[in-house]
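Written below as structure tokens is the structure these notes are about.
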Amino acid sequence: MDQDNSSTGDPSGDTDGERVVRRDEAVRAAVEQGLLRPDAPIVGLLDVTGIRESAAALRAAFDEVTAPGTPVLHAFAVKATPLVPVLRLLREEGIGVEVASPGELALARAAGLPPDRTVLDSPAKTPAELREALALGIAVNADNPQELDRIDALMRSAASRSPLGIRVNPQVGAGAIEALSTATATSKFGVALRDEGAREWVVRAYAERPWLSRLHTHSGSQGVPLSLMAEGVAATYALAEEINRRIGHPQIDTIDIGGGLPVNFTSDVTTPTYADYARVLKKAVPGLFDGRYGLVTEFGRSLLAKHGTVVARVEYAKSAGGRPVAVTHAGVQVATRTVYAPGAWPLRIAAYDGKGRPKEGPEVAQDVAGPACFAGDLLAQGYALPLLEQGDYAAALDTGAYYFAHHYAYNSLARPGVYGFAPDGAGGTAFAIVREAQTVEEIVAESGGAHAGALTTLRTPGRH
Ligand SMILES: Cc1ncc(COP(=O)(O)O)c(C=O)c1O
């Protein structure tokens, strides 16, 4: 299992090492097969084998710690990689979906995810979204008392088979990245459990609503240590136990522990692993795994990040102030977080030559720049790599989640094509298109092209 081998810290000869070999081969094949060429200077690549391995590792890790027969739904957080073929691939691997917007729900349905493998969480659900979810039988976690009022009204008007719960914020504190820490004292998510009166309100909410059967938390994403995530889950479990005890029967039958397993962006080693986290959880909250509760997980980044690579052609190689600068086609449009917050989101870059082969030669500190028209559009600054030259390729590694699937339309830069790859069985690499590259005609259409005269038809009275 990829995740277990990787904890050795040695990527050679294990499945992490095999992933590097597959990646190098895919970059070479992408150039050779013409996916990357002068007029298609950027692509996103997804390693199908690696995604399947991560899904299997997730299932195995929780199988290992749960009592036999415990229902466990691993619901992939669609926000991490909102691409329909990815959701379909994960479905085939036994993974459901966690959705947080009407768009994400539509993607999940297009991928064929059934309602009983779909969980809806979001802080701003409209009445229409709630009505649709309850009509479909999708699980919903209410974020706050006002949302619960809306659900009450819907439940009064029509029966629903949706499993329903409340999201709580255990307020256990922040991780290293404030913007991704959802369990701070003032986080916008869920019912802030330590606020005055909140715990009592939650207990009463369950006592008054026999149809509330789930409890949900998600303590944060990248930057939150496993111990803090486990603390959040432990606090949620303790609340479920208290609610069931005070109600007098096990009304809460499922605990949704959210996602958030951090990803190692500093090397090819997969660490921490799902097995690591499952062990930490089992030690911190043994009762969660004894078979009395079903489990839902909502991992996103950890399932996809290490299986995605953005590869971009070096259009020009120049020098400024004595520093080499490679101007590539990958920048803010595909690596928005890295460009705007490089300290929190550093990426590894790999150099390939014009034939897509790993570039050799002495390492030189250089800037790897994107195509956008602002100075900060840099994938990396002063990064040590074999010198990138015109016609080479730069690859931004570990970008399978929250990167190239999250296009940012600065400078009207086109969304790159995304391809999945896998060994072709004959020693080469086969590709399948996941998302077509956006055309300039589509950019014009999405930018009001059909309404070119719209503003000039509005005239201020009294002016010409
Ligand atoms: C409610 C919820 N669940 C799951 C996730 C997925 O987190 P990650 O991609 O870090 O696993 C998020 C991320 O924002 C979330 O808000």
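The values are calculated or read from the model by the stated rules, or taken from the named source; none is laboratory data. Computed from a prediction, not measured in an experiment: that's the story for all the values here. Note that each Cβ is placed from the backbone with ideal geometry, even for glycine, and that neighbours are counted across all protein chains shown. Surface accessibility is based on the protein's heavy atoms, side chains included, excluding ligands, DNA and RNA. Shrake-Rupley method; radii C 1.70, N 1.55, O 1.52, S 1.80 Å.
Values as computed for the structure displayed
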| item | result |
| --- | --- |
| Degrees between helix 145-157 axis and first principal axis of the chain (Cα, 0 to 90, nearest 10) | 70 degrees |
| Segment 255-385 - accessible surface per residue (Å², probe 1.4 Å) | 36 Å² |
| Helix 274-284 vs. the chain, principal-axis angle (Cα, 0 to 90°, nearest 10) | 30 degrees |
| Mean residue ellipticity (222 nm) of the chain, computed from DSSP H runs ≥ 4 via -39,500 (n - 2.57), nearest 500 | -9000 deg cm²/dmol |
| Compactness relative to 2.2 N^0.38 Å, alpha carbon Rg of segment 227-351 | 1.57 |
| Cβ-based charge dipole, the chain, positive-most Cα from ALA341, GLY376, GLY103 | GLY103 |
| Dimensions (Å) - segment 288-372, Cα atoms, principal axes, largest first | 64, 29, 21 |
| For the chain: relative contact order, % (alpha-carbon pairs under 8 angstrom, 6 or more apart) | 18 percent |
| Solvent-free Debye scattering, log10 I(q)/I(0), computed from the Cα coordinates of the chain at q = 0.06, 0.09 Å⁻¹ | -0.29, -0.64 |
| For q = 0.10 Å⁻¹, Debye-computed log10 I/I(0) when each Cα of segment 195-299 counts as one equal scatterer | -0.31 |
| Dipole of segment 23-98, positive direction: furthest Cα of LEU45, ALA77, PHE62, with charges on the beta-carbon | ALA77 |
| Diffusion constant of segment 1-140 at 37 °C, which comes from Stokes-Einstein with the Kirkwood Cα-pair radius and 0.692 mPa s, µm²/s | 190 µm²/s |
| For segment 400-442, alpha-carbon Rg and Dmax in angstrom | 13.5, 41 |
| Translational diffusion coefficient (Stokes-Einstein; Kirkwood radius from C-alpha pairs) of segment 344-408 at 25 °C, 0.890 mPa s, in µm²/s | 192 µm²/s |
| Set of aspartates and glutamates with alpha-carbon distance to LYS359 below 12 Å, sequence-local pairs under 8 removed | ASP24, GLU389, ASP392 |
| Relative contact order for segment 328-419, counting Cα pairs under 8 Å that sit 6 or more residues apart, in percent | 38 percent |
| Relative contact order (%) - criterion: Cα under 8 Å, at least six apart; region: segment 310-464 | 23 percent |
| Of all accessible heavy-atom area on segment 223-302, the percent that carbon and sulfur account for (1.4 Å) | 56 percent |
| With every protein chain in place, segment 403-464: carbon and sulfur % of accessible area (1.4 Å) | 57 percent |
| For segment 1-144: accessible area per residue (Å², 1.4 Å) | 37 Å² |
| Reference-scaled alpha-carbon Rg (2.2 N^0.38 Å with N residues) for segment 309-464 | 1.28 |
| Equivalent ellipsoid semi-axes, segment 77-205, via Cα gyration tensor eigenvalues times 5, rooted, Å | 26, 21, 11 |
| The chain - charge dipole about Cα centre, Lys and Arg +1 at Cβ, Asp and Glu -1, debye rounded to 20 | 1020 debye |
| Solvent-free Debye scattering, log10 I(q)/I(0), computed from the Cα coordinates of segment 132-279 at q = 0.12, 0.14 Å⁻¹ | -0.53, -0.70 |
| Check: segment 14-127 dipole with +1 on Lys, Arg Cβ and -1 on Asp, Glu Cβ, in debye | 440 debye |
| Using alpha-carbon coordinates, inclination of helix 127-136 to the longest axis of the chain, degrees | 80 degrees |
| Fraction of beta bridges assigned by DSSP in the chain that are antiparallel (%, nearest 5) | 50 percent |
| Point-to-point label distance, THR439-SER157, nm (Cα→Cβ direction, 7 Å offset) | 4.3 nm |
